[in-house]
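Everything on this sheet refers to the single structure shown next.
The values are calculated or read from the model by the stated rules, or taken from the named source; none is laboratory data. Quick caveat: nothing in here was measured; it's all calculated off a predicted structure. Glycine gets a Cβ as well: all are built from the backbone with ideal geometry, and neighbour counts include every protein chain shown.
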């Protein structure tokens, strides 16, 4: 249980229930598994999955089944009524969220991080599920972004204007194109990295920062 998803970089929210949930798995008790995000190819063994491990399409269905233990894989914050599964359950955070970021030159790391924290909270998404920060290559030496990604050990990916312009955009901007050569930064950067067809959050501007958020499409390789 403590190594579940480790090959993908999944993190558990809390280690409190690792031991009792592991005991439930070993003792062949009914263990519910619910996955809302992340890589799907986590069963890495040649043999079939044991019958006591049961996959449910939703958390509500898992709750109704009254399992002895649970494994939840999601990038969203758990609602109050869902926490019953965590009484003997482990919550895993897959690396599934990509932040497309644009900012004015010289924007401090603290301001960028505040916008990220506020935005993730608004969308009920976990910061532990952030996989990477993506932007335009004009920002590859932006101190605030470099400090932020180093602090959290997030990959920092940049794209050329041509690469960003290849991505269909909901909100193309002639003003952004005039200054950068790209019709957008945060939206196409997030979409390009994730191979997603749509954004979880379209362009949101707050102070000196623009942010867009997309969920990784694990059916295709990220680029």
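Here residue 80 clears all of (1) at pLDDT 95 or above; (2) surrounded by 15 or more Cβ atoms within 10 Å (Cβ to Cβ) except the condition numbered (2). Could you look through region 49-69, keep only residues that are over 24 Å from the mean Cα position of the chain (by Cα) and in a loop (DSSP other than H, G, I, E, B), and pick out the one that is farthest from residue 26 (Cα to Cα)? Ranking the qualifying residues of region 49-69, first place goes to 66.
Considering region 131-206, the qualifying helices (runs of 4 or more DSSP H), each wholly inside and each with 3 or more residues that are in contact with a strand residue (DSSP E or B) (Cβ under 8 Å, 6 or more places away or on another chain) and touching a residue at least 40 places away in the same chain (Cβ under 8 Å), run over 186-194. For region 182-219, the set of residues classified as surrounded by fewer than 15 Cβ atoms within 10 Å (Cβ to Cβ) and more than 20 Å from the chain's Cα centre (by Cα) consists of 205, 206, 207, listed by residue number.
Among the residues of region 35-57, is any surrounded by 20 or more Cβ atoms within 10 Å (Cβ to Cβ), touching a helix residue (DSSP H, G or I) at 6+ places or on another chain (Cβ under 8 Å) and farther than 30 Å from residue 148 by Cα? So far as region 35-57 goes, no, none of its residues is surrounded by 20 or more Cβ atoms within 10 Å (Cβ to Cβ), touching a helix residue (DSSP H, G or I) at 6+ places or on another chain (Cβ under 8 Å) and farther than 30 Å from residue 148 by Cα.
Filtering region 9-29 to residues that are farther than 23 Å from residue 126 by Cβ and touching a strand residue (DSSP E or B) at 6+ places or on another chain (Cβ under 7 Å) leaves 24, 25, 29. When you look at residue 7, is it farther than 14 Å from residue 74 by Cα and either under 20 Å from the mean Cα position of the chain (by Cα) or touching a residue at least 60 places away in the same chain (Cβ under 8 Å) (or both), yes or no? Yes.
Within region 14-30, the residues that satisfy the criterion of being in contact with a helix residue (DSSP H, G or I) (Cβ under 9 Å, 6 or more places away or on another chain) and either farther than 15 Å from residue 86 by Cα or surrounded by 17 or more Cβ atoms within 10 Å (Cβ to Cβ) (or both) are 17, 21, 24, 29.
Against the conditions (1) within 21 Å of the chain's Cα centre (by Cα); (2) in contact (Cβ under 8 Å) with a residue 40 or more places away in the chain; (3) part of a strand (DSSP E or B), residue 72 satisfies every one except (2).
Just the residues that are in contact (Cβ under 8 Å) with a residue 60 or more places away in the chain, outside any strand (DSSP E or B) and closer than 23 Å to residue 74 by Cα, please, taken from region 207-221. Passing the criteria: 216, 218.
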